[in-house]
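The values are calculated or read from the model by the stated rules, or taken from the named source; none is laboratory data. Please read all numbers here as calculations on a predicted model, not as lab measurements. Note: ideal-geometry Cβ built from the backbone for every residue, glycine included; neighbour counts use all protein chains shown. Just so you know, the surface numbers come from the protein's heavy atoms only, side chains and all, with ligands and any DNA or RNA stripped out. Shrake-Rupley method; radii C 1.70, N 1.55, O 1.52, S 1.80 Å.
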Amino acid sequence: LDTMRERLIVGKSTSTQRKIEIYSQGVKAKLKHAEYAQSQLRELASQGDYETTDPTFPCNDRIHFYTDSFFAFLYSTLDVIAQVANQALELRIDERQDSFARVITPLHISPPVQRLFTQLSNKHIYKHLDKYRNCSTHRRQVYMRIETLTVEETAGYSSTDRQLTVSRKYTLCDDPLSLNPKTSKDRELISYTAEMLKKVKTEISKIARQL
């Protein structure tokens, strides 16, 4: 992204250079925020309500909070990279109305970039991210199935009298917009969000190299 920014500001007006720099930094910031949210999900998934330090905001509530945050920030990276494209390619879209979806249509002036944006918009990863983000931002909490496994060991075989282990598995629903959610695709929260983050970062890198 830094290489992209340095390349794109060459020959641009001072005002455009400043906007490209600001939005390029914005993409980096949003990715960091998504990474942080995902790291918090990993940590929380290994805990339980019995370990929380704040009983008014239990573990499951925090899981939902960081899940919503993850989808919001990750989707936002696409909107902000669209702002970079708007400035770099001089698409003249009103910044207040620009977005990932909005920027696709006028990109006919740069076919390679248009192809990348269009291809991404048709990929499952984008469609799933769009649905989860839409649900968590505009509708309701994303449905999850929560499975709790408690393992208790026979006393006397370790340094303590009782070994108790509690683990939880959080599974995202297949379609967050459905009022009859199913989890048949087994989208385990931690691995699924990690894979989604990895794929979006790859797509952002492709666009950054092509702009």
#### Entry: helices (runs of 4 or more DSSP H) within the range 105-211 that include 3 or more residues open to solvent by 40 Å² or more (accessible area, probe 1.4 Å) and modelled with pLDDT under 90
111-121
### Task
Run down Asp79, Asp61 and say which single residue is modelled with pLDDT of 90 or more, of a type in the set (Asp, Glu) and more than 25 Å from Ser191 (Cβ to Cβ).
Asp79
### Query
Which numbered condition trips up Ala29, out of (1) surrounded by fewer than 16 Cβ atoms within 10 Å (Cβ to Cβ); (2) at pLDDT below 95?
(2)
